[in-house]
Amino acid sequence: MNHTRWLDDDEQRTWRAFLSANRLVFDRIERQLQQDAGIPLAYYEILVRLSEAPDRTLRMSKLASSSLSSRSRLSHAVARLEEAGWVVRRACPTDRRGAFAELTPAGLAALEAAAAGHVENVRSTLFDKLTPEQQAALQDIAQTLVAGLSDEPVWPVAGDEPVAGEERPAASG
């Protein structure tokens, strides 16, 4: 028998508030990044992840999984970032199917140029609207959801450890 667990009135209000808040926050963040820096939020996130990785380099598969993106979507995004000169893709010397993405100095400069406006927008859109207690509750809720929905940690990304016998490509200057 099929038994649907319908949402009660409080759950329905919570769900709809959650959806609306997510859409409004991400729309505002996306719009600001596009207007001020010409960078979509998804690309900005890739640049951030690479900037925080050892040698500013991550294996493409790790970058895709940690950013909750399909490999094909990530590959398309990295191709666009390569066209801008912000990322280079390097083949894995020990795995013909593997590749690394590396943040270039130009990519780091683009990220640094966008960061102040982005952080101010995140602060004014999200954090300035919440009390410290609400911020702590939001963090706890978000971490609980991520832990329950993801098979691996998504943020921050631990250093991309090479597979046994695999060498990380040399960083370019």
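For residues in segment 98-134 being in contact (Cβ under 8 Å) with a residue 40 or more places away in the chain and more than 19 Å from the chain's Cα centre (by Cα), which is farthest from residue 60 (Cα to Cα)? Selected residue: 105. Taken as a whole, segment 28-41 holds no residue that is part of a helix (DSSP H, G or I) and farther than 23 Å from residue 112 by Cα. Within segment 43-79, the residues that satisfy the criterion of being of a type in the set (Gly, Ala, Ser), more than 13 Å from residue 100 (Cα to Cα) and not in a helix (DSSP H, G or I) are 67, 69, 70. For segment 93-115, a tally of residues being surrounded by fewer than 19 Cβ atoms within 10 Å (Cβ to Cβ), of a type in the set (A, V, I, L, M, F, W, C) and either in a helix (DSSP H, G or I) or in contact with a Gly (Cβ under 9 Å, 6 or more places away or on another chain) (or both) returns 5.
No value in this document is a laboratory result; all are computed from the given coordinates. All of these numbers come straight from a predicted model, not from anything done at the bench. Positions of Cβ are generated from backbone atoms using ideal geometry, with glycine treated the same way; all protein chains shown enter the neighbour counts.
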